[in-house]
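Here's the structure we're looking at; comments come further down.
The values are calculated or read from the model by the stated rules, or taken from the named source; none is laboratory data. Treat the numbers as computed from the prediction; the structure is a model and nothing was measured. In this analysis, Cβ positions are derived from the backbone assuming ideal geometry, glycine residues included, and neighbour counts consider all displayed protein chains.
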Amino acid sequence: MKVDRIEDLEIRVFIIGYKKEGEAIVVLFIDKVKKEVHFSMAIDSYAYKGGLKSYRNFTDDILRKYHVKDLSVLCWTHPHMDHSKGLLKIFHKYCRRSTKVIKPIFFDNKDTDVVKIYDKETKRLVEAIFKLNALNKNVVINSLAPGGGYDMPYHFRIESKNAQTKRVEIRLMSPVDSIIYHHFRNGTTLPDLNGISVSMILDVDGYSMMFGGDTINDHIRLMNPDDLKGCRLVKTPHHTSLTAREMALYMNPAMLDSACTTIKSKSLPNIGVVEEYKDKTVNFFCTGYNDCTPEGSTYYGIVEYVIGYDHLGMHMDVNLFGNAHRM
Ligand SMILES: [Zn+2]
Ligand SMILES: [Zn+2]
């Protein structure tokens, strides 16, 4: 992408959580002056019917607000419903032949799949993704990361007249190959859908953001600690549960911010794990409350990070909406 001056560039990251459960992320690279979105990525989706006649999907709302027509990247971390509701609609509305769709490997509606899916909407979404892929064999990116490393299927450059070219990379960190191949070879299925969850680092010229999906300890343990140490912003994996707490161990105290979403029925985020992150972060934000009461609370929470540049370098602001709060 090209901007006149680097000051014209704004990166907006929305961590969206719904009241009881439901997680989605939207990332936009915007030319503020020309009011154009140059890169757009949606990770997962959820839709909520909180007393309204129709479902509300904040991924859709945000993409509409910024006039996004085609997504650059859609990432479906894994087929649990708290990450998948409404995603079929988002796919049909915003995905074209030019879109890259990142999904876990061996999750293709085939006998060789390493997870078993019975949900109809989920199966239809897999079908739709492969239908689009048939038009342009380059749509689907099957996520599979080598243990101790990563796959880097997408990158671009940001050019401007007054700053050095910046490189942007998507690094896929999970699922990790040894675990997935073990099941693929033996024809067995993973005990937990979180075991195929995609997690990624979005690196903007050395500023790394980790979007952890619902990745669990088995996979986190096989990642390169140096890659995790370099992260400056983290959407904590699996709603900050004990089964994903090892991510907190690898984080560098120089890391700036963390954000998480909730699953009310499972009392997530886990307060002990939140404390482990808080030892290392300036800010820990959550999109909702564990003990969310109907009074005084909305059915969503959004943590919005706005990253911009000036002559001093990069700066970041945080906006909180709905139930989102600092813990
Ligand atoms: Zn989840
Ligand atoms: Zn999950």
message: Given the criteria in a strand (DSSP E or B) and under 18 Å from the mean Cα position of the chain (by Cα), does Val37 qualify?
response: no
query: Does region 132-139 contain at least one residue that is under 27 Å from Leu233 (Cα atoms) and either part of a loop (DSSP other than H, G, I, E, B) or at pLDDT 95 or above (or both)?
result: no
field: Unmet requirement for Met255, which otherwise passes all of (1) more than 16 Å from ligand 2 (Cβ to nearest atom); (2) modelled with pLDDT of 95 or more; (3) buried (at least 20 other Cβ atoms within 10 Å of the Cβ)
entry: (2)
message: For Lys20, only one of the following conditions fails: (1) within 23 Å of Ile201 (Cα to Cα); (2) part of a loop (DSSP other than H, G, I, E, B). What is its number?
response: (1)
message: With the condition being within 20 Å of the chain's Cα centre (by Cα) and over 30 Å from Arg56 (Cβ atoms), I'd like the strands (runs of 3 or more DSSP E) fully within region 217-323 carrying at least 1 qualifying residues.
response: 231-235
- request: Output the number of the condition that Thr243 fails; it satisfies all remaining conditions of (1) within 16 Å of ligand 1 (Cβ to nearest atom); (2) of a type in the set (S, T, N, Q); (3) touching a residue at least 60 places away in the same chain (Cβ under 8 Å); (4) surrounded by fewer than 21 Cβ atoms within 10 Å (Cβ to Cβ).
  value: (3)
message: Here is a check on your reading of the model: is Met210 surrounded by 15 or more Cβ atoms within 10 Å (Cβ to Cβ), within 16 Å of ligand 1 (Cβ to nearest atom), free of Cβ contacts under 8 Å to residues at least 40 places away in the same chain and assigned to a helix (DSSP H, G or I)?
response: no
task: Filter region 76-106 for residues that are out of contact with any Pro (no Cβ under 7 Å at 6 or more places or on another chain), in a loop (DSSP other than H, G, I, E, B) and within 16 Å of ligand 1 (Cβ to nearest atom) and give the result.
output: Trp76, Thr77, Pro79, His80, Ser84, Lys85, Gly86
- line: Residue count, region 280-317, condition at pLDDT below 80 and β-branched (Val, Ile, Thr), comes to 1
